[in-house]
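Input: a single structure, listed below in structure tokens.
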Amino acid sequence: NWERINWWKNLMAIDKKFIDQFINVTSRAALNASYLIGMKDKIAADQAAVDSMRSLLNKIDMTGQVVIGEGKLDEAPLLYTGEILGTKNGPSFDIAVDPVEGTNFVANNLPGGITVLAIGEKGNLFNAPETYMNKIATGSHIPKGAIDIDFTVEKNIKTYSELSSKKNSDITVCILNRPRHQKIIDKLKDLNVNIKLITDGDVLGALYVSDPKYKVDMYIGIGGG
């Protein structure tokens, strides 16, 4: 019931030797947190992943700055926003990290816990800690720009239906089950669209659109940057 997903920014610009090391970072963090599955202690599970991730990142020949992390320095002594990681010998990277997204899932032995690491060349990851943002995601089979965060829900569903040759009743939208999303949920119901409600983890929710096996066509919502 443990999933590990590596999400990369500017993948082609980063040497493969670093990609392999970053994969190892997320793999080890997921493994360390997995020992706490079902133990009802989400803080301990998160800390296990944090400790592992920070230790391994500090061994990589890079200068990596956390642009989105566990919080401010006074709130998160490790992997805090602004922290510099690596040996300081090598290229400069921006790092966005969530050692365990879905800590409640891990603590309660439920599927959906992932460890997230996004890497970009310096200046290529948006610095948006502690910021809530509108979000929308769909699969790569939809042309760039066809679906837009500034369009209405109705327009985006209509466009998706036309481009995918799917009826509204065959379209599934994933969204966090939050009061702030009630108007969106009501509109999706009016449009006769299937709704996949999730309790936590909007990174994984957005990534559902990347593989047909999850049967999710679109992710919509408001969540942390």
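Annotations for the structure displayed:
- Rounded accessible area of LYS72 (nearest 10 Å², 1.4 Å probe): 110 Å²
- A simple spin-label model places the labels of SER140 and LEU31 2.8 nm from each other, with each point 7 Å out along Cα-to-Cβ.
- For the chain, with +1 on Lys and Arg beta carbons and -1 on Asp and Glu, the positive-most of LEU204, ALA48, ILE184 along the dipole: ILE184
- Once all protein chains are placed together, TYR214 keeps about 70 Å² accessible to a 1.4 angstrom probe.
- Within the chain, helix-based [θ] at 222 nm, where runs of 4 or more DSSP H residues each add -39,500 (n - 2.57), nearest 500: -9000 deg cm²/dmol
- Split the accessible area of the range 11-52 by element, probe 1.4 Å, and carbon with sulfur accounts for 59%.
- Packing rank of 35-44, 98-107, 194-203, where each peptide gets the mean count of other beta carbons within 10 Å, highest leading: 98-107, 194-203, 35-44
- Between helix 42-57 and the chain there is an angle of about 60 degrees, using the helix long axis and the longest principal axis of the Cα atoms.
- For the pair GLU130 and LEU110, the difference between a 0.36 nm per residue extended length and the Cα-Cα distance amounts to 4.6 nm.
- Antiparallel beta bridges, as assigned by DSSP with both residues in the chain, represent about 55 percent of the total such bridges.
- Solvent-accessible surface of the range 1-127, taken per residue with a 1.4 Å probe and all protein chains present: 49 Å².
- Taking the convex hull of Cα positions in the chain, its mean projected area over all directions (nm²): 12.5 nm²
- Point-charge dipole on Cβ atoms (K/R +1, D/E -1) for the chain, about Cα centre, debye to 20: 480 debye
- Bridging of LYS158 to lysines at a Cα separation below 25 Å is possible for LYS135, LYS144, LYS166, LYS167, LYS183, LYS187, LYS189, LYS196, LYS213, LYS215, once same-chain residues fewer than 8 apart are set aside.
- Along the axis of the charge dipole computed for the chain (Cβ charges of +1 for Lys and Arg, -1 for Asp and Glu, origin at the Cα centre), the listed residues ILE114, VAL67, ILE95 are led at the positive end by ILE114.
- Taking 7 Å steps out from each Cα toward its Cβ at ASN89 and SER164 produces label points 4.9 nm apart.
The values are calculated or read from the model by the stated rules, or taken from the named source; none is laboratory data. Everything numeric in this text was worked out from a predicted model, so none of it was measured. Note that each Cβ is placed from the backbone with ideal geometry, even for glycine, and that neighbours are counted across all protein chains shown. The area values use the complete protein model at the heavy-atom level, side chains included, leaving out ligands, DNA and RNA. Shrake-Rupley method; radii C 1.70, N 1.55, O 1.52, S 1.80 Å.
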